[in-house]
Amino acid sequence: MATASQRTFVDRFPDEAAVVKANFLVAFVALGIGAFFGLVQTLHRTNIVRVIDSADYYTMLTGHGVLLAIVFTIFFLCGFFHWAIARSLDRPAESKLFSWAWFGLMTTGSALAAIAILGGLVPNLGISADVLFTFYAPLQAHPIFYIGLAMFIVATWLAGADWFLSYRVWRKDHEGERIPLQTFMVLTTMIMWYIATIGVAVSVVFFLIPWSLGLIPSVNPLLTRTLFWYFAHPIVYFWLMPAYMMWYTILPKLSGGRLFSDPLARVVFLLFLLLSTPVGIHHQYLDPGIAEGFKFIAMTNTMFLLLPSLLTAFTAVASMEHGARQRGGEGYFRWLGALPWRDPAFTGMAFAGILFAAGGFSGMINAGMNINYLIHNTLWVPGHFHLTVGTAVALTMMAGSYWLVPQLTGTKLYSRPIGLLQVTMWFIGMVFMSNAMHRAGLAGIPRRTAEPQYQNFDFVTPIGSIFELRVQIALGGTLLFLSVVLFLFNMLLTSLGEESDRPVDEYLPAPLSGAEGSPRILDNLTMWTGIAVLLVILAYTLPVAAIIQNGGGLFGGGLPVPATISAGLDLATTALTGAVNTLVGVIA
Amino acid sequence: MAVDSTAEGSAASPALRADGSGGVPADAATQNSSSEPPVDSIVGTADDGIVRQIDHDDFDPVGTLVLVLIYMVILLSMWVFMYFIEFLGRGLTVVG
Amino acid sequence: MEIHAYEKLWLALALVLIVGFIGTITYGAAGAGIDMIDDKGGTVDPTTLDDHPKFGDPGIEKTGENQYDVYVVTRQFVFEPGTTQPIRVPEGSTVTFHVTAADVIHGFEVVGTNANTMAIPGQVAEFTVEFDEPGEYGLLCNEYCGSGHHVMEGKLVVMEQSEFDSWYEQQQQEEEN
Amino acid sequence: MRLTKATSLIIIAISVPIAIELRTVAGFFNIELPLIAVAIIEFLFLGLMFVLYGLYGEKDNSVSP
């Protein structure tokens with residue numbers, strides 16, 4: 001898979017490098033604006049500095065969520081996947097025009113959604129989308145928000161088609177060869193994405209767009225909410241997969257070692273393909289109208305989804321240890337000192353991994369069906385996902401940029417010390433912010449609210465005070481914003497730098513345990529797609545049918561119909577899904 | 001104009017490189033005078049600090065095992081604490 | 001497929017951990033008797049809530065010895081009852097809440113406790129809580145419901161039995177008049 | 001292991017969460033540790049790092065990161 005050529009990516013694939021750079025540019029612009037909104041929010045809701053109205057807080061919050069969790073992450077992912085396909089198949093994309101077409105559509109869609117959101121800050125405009133990242137109906141946004149979103153989703157489908165096309169052409173010349181690891185990861189992630197986005201596409205195209213245009217009078221709120229979570233849990237893995245891909249394929253190299261096991265990396269990505277989607281109901285543990293049995297199925301699936309992440313933890317650390325030992329590390333713990341801590345790309349990813357371990361724990365609490373009562377919709381939840389998407393993903397992407405961007409620009413990183421300072425600031429800032437958020441959540445402080453205090457009661461925390469927690473959140477948020485500023489500054493000056501013959505060492509070493517030792521069935525993408533679809537059908541058919549039947553039909557508003565799904569049928573699905581889960585466990 | 005003004009193409013080049021077939025000897029021009037990593041190295045040059053090649057059969061990730069076992073103990077104890085003390089110890093709970 | 005012995009050990013431990021988690025949750029449901037919010041509350045037409053026999057005039061209703069039903073309507077940006085009037089329940093009682101939403105999705109959270117549900121238009125969240133000691137709890141909406149979301153709050157008061165009885169009697173009389 | 005600016009930075013970073021959670025740990029043993037005490041402990045630690053760096057820091061390299 002490695003091309004040990006001395007020429008960098010931009011020299012070998014200038015057209016692809018241009019597409020990747022364009023994607024990164026949009027991603028970084030979104031990162032800057034989104035981070036600024038984050039700063040305003042963190043200071044506002046902790047009552048430290050208030051420059052906006054509390055009613056405008058939710059406009060900022062929508063912008064923060066959409067720009068960072070959708071625009072930044074997914075544009076970066078598209079750039080990164082485009083790079084990975086060209087690099088690992090060692091061939092340019094089939095059509096330059098097509099690549100620019102999906103990029104253009106994606107940017108247009110994002111711009112429309114952004115206009116709708118920012119319109120909320122201009123009262124006389126009549127355009128707003130203060131519906132937050134989750135856009136639960138019957139809260140309504142301006143139609144261009146939903147239309148922008150639909151365009152964005154379609155553009156990601158086209159991007160996936162671009163990469164599948166490259167793979168198909170490559171396959172013709174490479175009969176019988178194993179799929180290169182990075183391509184394998186891109187393809188499995190995109191298959192998962194195709195399955196997952198059906199939910200949001202149906203929700204937006206059939207319900208929300210006609211409803212916001214006034215063509216249909218109402219929607220079934222539980223149905224659109226369920227369709228949203230059908231899509232929005234797998235999106236978590238859509239964020240995470242590029243980060244995992246970097247941990248599997250780039251982090252070992254940055255550590256001075258080699259990937260511990262290629263076959264296990266494939267197994268992990270397949271498990272994500274299978275289990276990412278039939279779990280969305282775990283965001284709806286406290287929703288009325290969904291039977292407990294369905295919630296239990298979603299929980300068992302979610303818990304088994306821990307497996308690929310725990311395996312990743314082992315493989316990633318083992319690859320780092322391999323690097324450390326090749327660099328002369330010894331002992332049970334002392335090898336950690338032999339890692340290249342002065343490299344911001346490495347250190348950023350390592351920090352991201354440490355905080356992901358902590359975020360993994362709070363995620364396990366979220367996933368527990370009844371313990372969810374403890375923390376549901378409290379600040380604990382943003383505390384959790386700022387560790388996962390906000391650090392495991394975002395910090396890995398920033399760290400990866402220190403290594404990727406020089407390959408695209410042909411220039412050297414402007415400053416390594418600033419990069420190192422940046423990732424460390426992110427780590428410290430996030431520790432302050434998310435730790436305090438978790439604690440505040442246990443004290444019952446809700447998420448998504450503009451005010452720190454209520455009139456009728458006070459929040460209490462057993463250790464320390466609520467005020468200290470607020471200060472920690474504000475301090476952490478400020479450090480995070482400064483960290484983004486440093487990052488963007490470093491990226492800007494890097495791209496303006498002088499051309500260099502050898503801007504970065506981009507060679508990727510072969511895994512210690514290669515693909516040749518693994519069963520070929522791992523590469524049978526058609527079969528795995530089939531199983532993934534089957535699991536989704538099993539997990540979702542009955543709950544969705546029950547929601548449509550009980551909640552007054554597809555569009556709500558109708559007369560409620562009594563529940564008809566019998567308990568016996570419910571039990572049968574539980575047993576069936578349980579059996580499939582066990583089977584998947586055995587295959588793994 | 002990069003602050004890290006490494007001599008182009010020298011320190012940045014791979015000192016030791018391995019692929020599936022085994023170690024590839026570094027060419028003399030790229031060999032550093034010492035085994036220390038270059039102080040001013042650019043991003044992604046950890047392999048310049050490689051002092052030995054460890055192959056698949058010689059590598060036991062014992063440090064990894066120790067770390068993940070510690071993590072497992074933390075996970076379990078935190079789970080027990082969160083479930084039985086924080087959660088079940090709360091005053092009002094939804095009961096059947 | 002070759003897997004290193006340490007990784008096999010880790011894989012086994014991870015599976016034990018997962019099964020242990022599911023086991024704990026099952027214990028919480030079966031042993032500790034924690035019930036989930038589910039579909040037993042049934043459905044309601046959100047557009048005609050005012051004509052509903054219960055949600056038309058939401059509040060507390062005695063259903064048996066120390067047994068009560070409480071009906072709550074959530075709407076932008078109040079709990080009815082809860083915001084203008086606190087929700088009042090007696091000590092030592094078992095109270096079944098029925099919570100629904102009149103306009104958009106809301107949350108119903110008794111602050112610092114596990115009594116916590118979503119309120120979705122068209123759906124009724126039904127859950128039962130036991131109140132032992134007299135005291136006061138805060139009530140808040142934990143799902144974003146519009147620009148005044150942060151003012152949506154209220155109070156839940158657990159009263160001494162005698163106090164509650166006289167208050168309840170008075171309520172009944174007022175309604176009859 | 002050689003103490004470099006980079007490793008010192010990492011050690012300082014890791015010490016921050018430990019310092020924050022020190023109060024929780026103390027809380028379990030019924031010791032109410034005020035915030036200021038934790039801040040002082042953390043600053044003492046940072047001071048120690050500074051001294052250690054002065055003593056054992058990368059003397060062999062004139063160019064530092």
key: Top-ranked residue in region D:19-29 [being aliphatic (A, V, I, L, M) and more than 9 Å from the chain's Cα centre (by Cα); ranked as most open to solvent (accessible area, probe 1.4 Å)]   = D:Val25
remark   = Every listed condition ((1) assigned by TED's automatic domain parsing to the domain that holds A:Pro92; (2) under 15 Å from the mean Cα position of the chain (by Cα)) holds for A:Pro242 save (1)
ask   = Among the residues of region B:76-89, is there at least one that is crowded, with 21+ Cβ neighbours inside 10 Å and charged (D, E, K, R)?
value = no
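Only one residue in A:Asn366, A:Asn372 is of a type in the set (S, T, N, Q) and either within 14 Å of chain D (Cβ to nearest Cβ) or surrounded by fewer than 22 Cβ atoms within 10 Å (Cβ to Cβ) (or both), so which one is that?
On the way: A:Asn372 fails: either within 14 Å of chain D (Cβ to nearest Cβ) or surrounded by fewer than 22 Cβ atoms within 10 Å (Cβ to Cβ) (or both).
The match here is A:Asn366.
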remark   = Residue pairs qualifying under the 7 Å Cβ cut-off, at least six apart or on distinct chains, with the first in region B:71-95 being at the interface with chain C (Cβ under 7 Å from one of its Cβ atoms) and the second being hydrophobic (A, V, I, L, M, F, W, C) and open to solvent by 10 Å² or more (accessible area, probe 1.4 Å), are B:Met72/C:Leu13; B:Leu75/A:Phe361; B:Leu88/C:Ala32
ask   = Can you pull out the residues in region A:420-457 that are assigned to a helix (DSSP H, G or I) and either at positive phi or among the hydroxyl-bearing types (Ser, Thr, Tyr) (or both)?
value = A:Thr424, A:Ser434
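Looking only at region C:85-97, decide whether some residue is touching a residue at least 40 places away in the same chain (Cβ under 8 Å), facing another protein chain (nearest Cβ under 10 Å) and β-branched (Val, Ile, Thr). Give the steps one after another, and end with the answer.
Here is the first cut: in region C:85-97, the ones touching a residue at least 40 places away in the same chain (Cβ under 8 Å) are C:86-92.
Next cut, facing another protein chain (nearest Cβ under 10 Å) only: C:86.
Restricting the remaining residues to those that are β-branched (Val, Ile, Thr) gives none.
No - not one qualifying residue is present in region C:85-97.
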ask   = Any idea how many residues of region A:488-538 are within 14 Å of another protein chain (Cβ to nearest Cβ) and closer than 22 Å to A:Arg178 by Cα?
value = 17
inquiry  = Looking at A:Ser401, A:Ser434 in this structure, which one is farther than 30 Å from A:Val131 by Cβ and open to solvent by less than 30 Å² (accessible area, probe 1.4 Å)?
reply    = A:Ser401
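Collect the residues in region A:468-493 that are polar (S, T, N, Q) and either more than 26 Å from the chain's Cα centre (by Cα) or open to solvent by 40 Å² or more (accessible area, probe 1.4 Å) (or both), keeping them in residue-number order.
Let us first name the residues in region A:468-493 that are polar (S, T, N, Q), namely A:472, A:478, A:483, A:490.
Within region A:468-493, just A:Thr478 meets the criteria.
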request  = Any chance you could count how many residues in region A:303-315 are among the hydrophobic types (A, V, I, L, M, F, W, C) and either over 14 Å from B:Leu65 (Cβ atoms) or assigned to a loop (DSSP other than H, G, I, E, B) (or both)?
outcome  = 5
query = What residue, among those in region A:343-363 that are surrounded by 24 or more Cβ atoms within 10 Å (Cβ to Cβ) and either over 19 Å from the mean Cα position of the chain (by Cα) or within 14 Å of chain C (Cβ to nearest Cβ) (or both), is farthest from A:Pro452 (Cα to Cα)?
reply = A:Asp343
note = By residue number, the members of region C:62-84 that are more than 18 Å from C:Met152 (Cα to Cα) and buried (at least 16 other Cβ atoms within 10 Å of the Cβ) are C:Tyr68, C:Asp69, C:Val70
Verdict on A:Ile144 being aliphatic (A, V, I, L, M) and within 19 Å of the chain's Cα centre (by Cα) = no
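Would you say D:Ala37 is at the interface with chain A (Cβ under 8 Å from one of its Cβ atoms), surrounded by 13 or more Cβ atoms within 10 Å (Cβ to Cβ) and more than 11 Å from the chain's Cα centre (by Cα)? Let's see the steps before the verdict.
Values: at the interface with chain A (Cβ under 8 Å from one of its Cβ atoms): no; surrounded by 13 or more Cβ atoms within 10 Å (Cβ to Cβ): yes; more than 11 Å from the chain's Cα centre (by Cα): yes.
No, not satisfied.
Return the only residue of A:Leu208, A:Leu165, A:Leu222 being in contact with a strand residue (DSSP E or B) (Cβ under 9 Å, 6 or more places away or on another chain), in a helix (DSSP H, G or I) and more than 18 Å from A:Trp528 (Cα to Cα).
Numbers: A:Leu208 fails: in contact with a strand residue (DSSP E or B) (Cβ under 9 Å, 6 or more places away or on another chain); A:Leu165 fails: in contact with a strand residue (DSSP E or B) (Cβ under 9 Å, 6 or more places away or on another chain).
One residue alone meets the criteria, A:Leu222.
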message = Return the residues of region A:328-338 that are within 9 Å of chain D (Cβ to nearest Cβ) and either among the hydrophobic types (A, V, I, L, M, F, W, C) or touching a residue at least 24 places away in the same chain (Cβ under 8 Å) (or both); say none if nothing qualifies.
response = A:Leu336, A:Ala338
Filtered residue count, region C:102-117, keeping only those that are part of a loop (DSSP other than H, G, I, E, B) and either under 20 Å from A:Gly368 (Cα atoms) or at the interface with chain A (Cβ under 9 Å from one of its Cβ atoms) (or both) = 8
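Quick grid of which residues meet (1) closer than 30 Å to A:Ala443 by Cβ; (2) modelled with pLDDT under 80:
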position	(1), (2)
B:Ser10	no, yes
B:Ser13	no, yes
B:Gln31	no, yes
B:Ser34	no, yes
B:Arg52	no, no
B:Gly63	no, no
B:Met78	yes, no
B:Phe81	yes, no
query = Among the residues of region C:118-134, is there at least one that is more than 20 Å from C:Gly33 (Cβ to Cβ), facing chain A (nearest Cβ under 7 Å) and either free of Cβ contacts under 8 Å to residues at least 40 places away in the same chain or open to solvent by 30 Å² or more (accessible area, probe 1.4 Å) (or both)?
reply = yes
request  = Only residues that are of a type in the set (Asp, Glu) and closer than 17 Å to A:His44 by Cα: list them for region A:430-472, please.
outcome  = A:Glu451, A:Glu468
Condition broken by A:His283, with the remaining ones in (1) more than 29 Å from C:Thr100 (Cβ to Cβ); (2) open to solvent by 10 Å² or more (accessible area, probe 1.4 Å); (3) not basic (Lys, Arg) satisfied = (1)
remark   = How many residues of region A:412-431 are of a type in the set (A, V, I, L, M, F, W, C), away from chain B (no Cβ under 14 Å) and closer than 14 Å to D:Ile12 by Cα? The answer is 5
inquiry  = Please determine whether any residue of region A:397-414 is of a type in the set (D, E, K, R), over 21 Å from A:Ala443 (Cβ atoms) and in a helix (DSSP H, G or I).
reply    = no
Residue list for region C:145-168, restricted to those being open to solvent by 10 Å² or more (accessible area, probe 1.4 Å), within 7 Å of chain A (Cβ to nearest Cβ) and under 25 Å from A:Asp130 (Cβ atoms) = C:Ser147, C:His150, C:Glu153
task = Determine whether A:Thr409 is of a type in the set (Val, Ile, Thr) and modelled with pLDDT under 95.
result = yes
key: Hey, A:Phe296 assigned to a helix (DSSP H, G or I) and open to solvent by less than 10 Å² (accessible area, probe 1.4 Å) or not   = no
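The values are calculated or read from the model by the stated rules, or taken from the named source; none is laboratory data. It should be emphasised that the depicted structure is a prediction, and the values quoted were computed from it without experimental measurement. A quick note on method: Cβ atoms are made from the backbone with ideal geometry, for glycine too, and the neighbour counts reach across all protein chains shown. In case anyone asks, the SASA skips ligands and DNA or RNA and just uses the protein heavy atoms, side chains included. Shrake-Rupley method; radii C 1.70, N 1.55, O 1.52, S 1.80 Å.
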